[in-house]
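Student: Below is a structure I'd like to ask you about.
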Amino acid sequence: MTRPPHLLYRRWAAVLALSTSAVAVAVATVPATADTAPAATAIVDVAGASNTPQDVFQGLGALSAGATSRLLQDYPAKQRDQILDYLFTPQYGASLDVLKVEMGGDTDSTSGSEPSHERVEGQVDCNRGYEWSLMEQAKKRNPDIKLWGLQWGAPSWVGTTGYTSKDVDYQLSWLRCARRHHLNIDLVGGTNERSAAEPVRAAYYEELRRRMDAAGFGSTGILIGDEDGNGSWTSATDVTNDPRLRASVSALGGHYPCRGNPKGTTCASGQNADSSGPARSLGLPLWASEMGSDNYATGAAGLARAYNRQYVEGGLTGAINWSLAACWYSDVTAYAGDGLLDCESPWSGHYAVDKQLWATAHTTQFTRPGWEYDRAASGESPLQGGSYVTLKSPDGKQFTTIAETTLSTAPQTMELTGLQGRAVHVWDTDLTSTDPSAWFQQQASPAVSGDSVTLTLQPGHLYTFTSEADGHHDDAQSPVDTRMKLPYTENFNGYAEGSTPAYLSDQEGTWETAKCLDGGDPGARRAGKCLEQTITSKPVRWRPETLYPLTVVGDPRWGGDYTVGVDALLDRPGADAELTGRVTGFDLLGTGLAGYHLRLDQNGTWSLFRETTGNKSGNHVDTPLASGTVDLVGRKWHRIAIAFDGDRITPMVDGRALSTPVVDDTYDHGQVGLQIGGYYRALFDDLTVTPN
């Protein structure tokens with residue numbers, strides 16, 4: 001892909017020489033009046049002294065985990081490159097400093113399951129999963145980007161928890177895989193949000209540090225705190241009380257220190273690492289190691305507020321937004337659209353960029369990791385309903401001040417002093433506007449009077465005032481969003497073995513292409529490839545779910561008048577196959593798919609039922625609609641199908657209707673799913689969705 005010169009700029013290069021040129025565009029500020037002027041002016045001295053190393057900016061990044069990037073892999077190359085440029089290319093879009101990824105564990109980790117690199121002990125596949133490719137693409141665009149790995153779940157062989165010597169083996173094999181991909185990993189951690197189930201194990205981190213050093217990964221740091229619950233800094237106390245643990249870790253993290261955003265106003269008391277707490281006293285870099293979880297279009301104000309106030313109120317100098325991009329099916333997640341951009345229509349190539357990405361650009365395009373926060377030039381007061389932070393280059397020649405007025409109700413006044421002849425470049429986003437022309441726009445540089453300039457900040461805006469002349473708002477064109485066309489057919493033959501077929505999104509277990517088996521059926525041998533569920537023992541789960549392996553596919557907007565069918569191999573005692581149509585939801589706590597289910601077992605017992613889910617509650621109800629038995633006449637491959645015609649639902653096996661049509665009008669649209677009733681190898685073939 002040929003890129004314009006500004007896309008080749010290296011993100012963490014030496015600090016640029018000062019540019020005194022200014023671009024003549026409309027100024028966003030307005031004069032204060034007697035009716036609108038704030039009571040006081042925020043005085044920001046951008047020539048202040050340097051701070052302690054504790055105030056070094058670590059960077060802003062995002063997290064690809066919980067299968068949130070699954071559909072990105074299926075985008076046409078042109079649009080996939082555009083999305084990746086928006087996320088990672090310096091001075092272009094979000095310009096991320098850090099990419100944090102999940103170490104896949106073959107189990108649900110929020111909005112789906114990611115495949116493991118070592119699902120059987122000692123059998124390592126360094127090409128399994130898509131996070132390797134994502135990290136490679138990020139590194140290609142920004143060679144200086146930091147990379148970070150973290151577990152949610154793991155294969156059963158590591159033990160019942162994530163804090164075992166075998167799990168250290170697992171982490172080391174993942175790091176070796178990264179090395180094979182020519183990726184240097186800057187940070188690893190323990191297991192995501194596991195402290196409620198397992199206390200932090202100091203011995204685990206000490207062993208991990210010792211063995212990483214011995215294996216040549218001495219430059220990879222360990223962050224502790226990802227296991228803590230939201231708003232908790234339990235690990236800070238653990239590190240404070242254990243010198244050996246303190247010597248093993250290089251950074252401290254906490255999740256959602258400003259979790260009230262956008263619902264609340266500040267980092268809630270008790271949910272932030274304040275300067276009097278053990279976290280600040282450790283002298284470690286402090287990260288909001290997971291934060292955000294807000295919609296790509298409507299969450300920008302909360303994100304802007306959190307980026308600033310996590311430093312102002314808690315001294316946090318780095319932040320990781322969940323998620324990187326909302327590239328997963330919106331109907332099977334409780335967090336639809338939560339990401340820096342939206343990409344859930346790979347068949348059309350459509351994606352959507354909105355204010356949340358540009359709220360990130362306000363910091364990342366005008367700073368570098370290694371710059372320093374100026375504590376004296378950062379704060380909330382005297383702004384009313386706003387906050388501001390100032391960062392400076394290590395040599396003090398460049399500055400960037402980011403100000404947000406997300407909770408202001410009237411214009412606010414800010415005076416930048418100590419300019420020392422430097423021009424002030426202004427970028428502005430109206431966070432209340434739905435007009436893209438109001439997002440991340442460069443304004444005219446204000447006239448500097450002496451050594452200072454006074455600015456008026458409008459309510460609901462995000463501003464960057466900077467000596468850095470470089471910044472870029474790209475407007476790559478996304479195709480029009482269209483529904484995935486029917487009929488849909490997939491025979492799985494067009495993929496290499498071990499691949500994830502296009503548009504399939506695993507919710508539990510891992511479903512891959514594999515050689516078909518004949519099932520012992522004379523005259524019914526199967527050539528080519530099938531879809532295989534590969535996980536044969538229950539993984540170490542992130543959450544204590546009741547979920548069994550399942551996968552979904554298709555457009556959530558599909559009209560419901562279709563017939564969905566699949567061939568299933570029922571070749572072992574206790575085996576069953578479950579087909580679902582009109583899927584409209586998936587419970588966050590892993591109880592299953594909302595929709596109509598047809599289940600058939602190896603003995604010919606079948607049932608048709610409607611499942612409703614509680615989304616985030618874990619409450620679900622299975623309502624029986626019809627059931628019975630069918631003679632499977634000794635065969636092991638069987639065609640399972642459900643025909644939907646308005647409110648009439650007909651279950652079928654091997655082309656025969658199992659009952660008269662059942663009448664139910666709860667669901668009238670949705671995608672389709674496959675599920676089995678345990679952890680065993682299961683084969684499916686010839687999945688079709690045909691309009692009626």
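The values are calculated or read from the model by the stated rules, or taken from the named source; none is laboratory data. Just so it is clear, the structure is predicted and the values come from calculations on it, not from any experiment. Neighbour counts run over all protein chains shown; Cβ positions are idealised from the backbone, glycine included. These accessible areas exclude ligands, DNA and RNA; they are computed on the full protein's heavy atoms, side chains included. Shrake-Rupley method; radii C 1.70, N 1.55, O 1.52, S 1.80 Å.
Student: List pairs: first residue in region 33-46 and modelled with pLDDT of 55 or more, second residue exposed (fewer than 12 other Cβ atoms within 10 Å of the Cβ) and not aliphatic (A, V, I, L, M) anywhere in the structure, Cβ distance under 9 angstrom, at least six positions apart or on different chains.
Tutor: Qualifying pairs under 9 Å: Ala40/Ser381; Ala42/Ser381.
Student: Only residues in region 466-483 that are surrounded by fewer than 15 Cβ atoms within 10 Å (Cβ to Cβ) count as the first member; pair them with residues that are basic (Lys, Arg), Cβ under 6 angstrom, at least 6 apart or cross-chain, and list the lot.
Tutor: Within 6 Å, the pairs are Arg483/Arg557.
Student: Return yes when Asp428 is in contact (Cβ under 8 Å) with a residue 24 or more places away in the chain and surrounded by fewer than 21 Cβ atoms within 10 Å (Cβ to Cβ) and no when it is not. Don't jump to the end; show me each part of the working.
Tutor: Working: in contact (Cβ under 8 Å) with a residue 24 or more places away in the chain: yes; surrounded by fewer than 21 Cβ atoms within 10 Å (Cβ to Cβ): no.
So Asp428 does not fit the description; no.
Student: Picking from Leu504, Leu550, Leu570, which residue would you name as being open to solvent by less than 60 Å² (accessible area, probe 1.4 Å), touching a His at 6+ places or on another chain (Cβ under 8 Å) and among the aliphatic types (A, V, I, L, M)?
Tutor: Sole residue among the options that is open to solvent by less than 60 Å² (accessible area, probe 1.4 Å), touching a His at 6+ places or on another chain (Cβ under 8 Å) and among the aliphatic types (A, V, I, L, M): Leu570.
Quick grid of which residues meet (1) within 17 Å of the chain's Cα centre (by Cα); (2) among the polar types (S, T, N, Q):
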residue: Ala65; (1), (2): yes, no
residue: Pro76; (1), (2): no, no
residue: Arg80; (1), (2): yes, no
residue: Tyr86; (1), (2): yes, no
residue: Gln91; (1), (2): no, yes
residue: Ala94; (1), (2): yes, no
residue: His117; (1), (2): no, no
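Student: Which number in (1) within 21 Å of the chain's Cα centre (by Cα); (2) open to solvent by less than 10 Å² (accessible area, probe 1.4 Å); (3) under 27 Å from Tyr679 (Cβ atoms) marks the one condition that Ile145 misses?
Tutor: (3)
Student: Out of the residues in region 287-320 meeting the condition of being touching a Ser or Thr at 6+ places or on another chain (Cβ under 7 Å) and outside any helix (DSSP H, G or I), tell me which one is surrounded by the fewest Cβ atoms within 10 Å (Cβ to Cβ).
Tutor: Among those residues, the one meeting the criterion is Gly315.
Student: Quick one: how many residues across region 386-432 are touching a Lys or Arg at 6+ places or on another chain (Cβ under 8 Å), closer than 22 Å to Thr298 by Cα and outside any strand (DSSP E or B)?
Tutor: Residues that pass the stated criteria total 3.
Student: Is region 233-244 home to any residue that is within 20 Å of Gly159 (Cα to Cα), in contact with an Asp or Glu (Cβ under 9 Å, 6 or more places away or on another chain) and either open to solvent by 10 Å² or more (accessible area, probe 1.4 Å) or not in a helix (DSSP H, G or I) (or both)? Give the derivation first.
Tutor: Quick first cut of region 233-244, residues within 20 Å of Gly159 (Cα to Cα) only: none.
Checked against the condition, which is being within 20 Å of Gly159 (Cα to Cα), in contact with an Asp or Glu (Cβ under 9 Å, 6 or more places away or on another chain) and either open to solvent by 10 Å² or more (accessible area, probe 1.4 Å) or not in a helix (DSSP H, G or I) (or both), region 233-244 yields no hits at all.
Student: For the list (1) touching a residue at least 60 places away in the same chain (Cβ under 8 Å); (2) more than 30 Å from Asp470 (Cα to Cα), I need the number of the one condition that Gly149 fails.
Tutor: With respect to (1) touching a residue at least 60 places away in the same chain (Cβ under 8 Å); (2) more than 30 Å from Asp470 (Cα to Cα), Gly149 is out only on (1).
Student: Enumerate the pairs (first residue in region 511-539 and modelled with pLDDT under 90 and of a type outside the set (A, V, I, L, M, F, W, C); second residue anywhere and crowded, with 21+ Cβ neighbours inside 10 Å and part of a loop (DSSP other than H, G, I, E, B)) with beta-carbon separation below 6 Å, excluding pairs fewer than 6 apart on the same chain, so at least 6 apart or on different chains.
Tutor: Arg526/Cys516
Student: Go through (1) over 22 Å from Glu508 (Cβ atoms); (2) assigned to a loop (DSSP other than H, G, I, E, B); (3) open to solvent by 50 Å² or more (accessible area, probe 1.4 Å) for Cys126 and report which single condition fails.
Tutor: (3)
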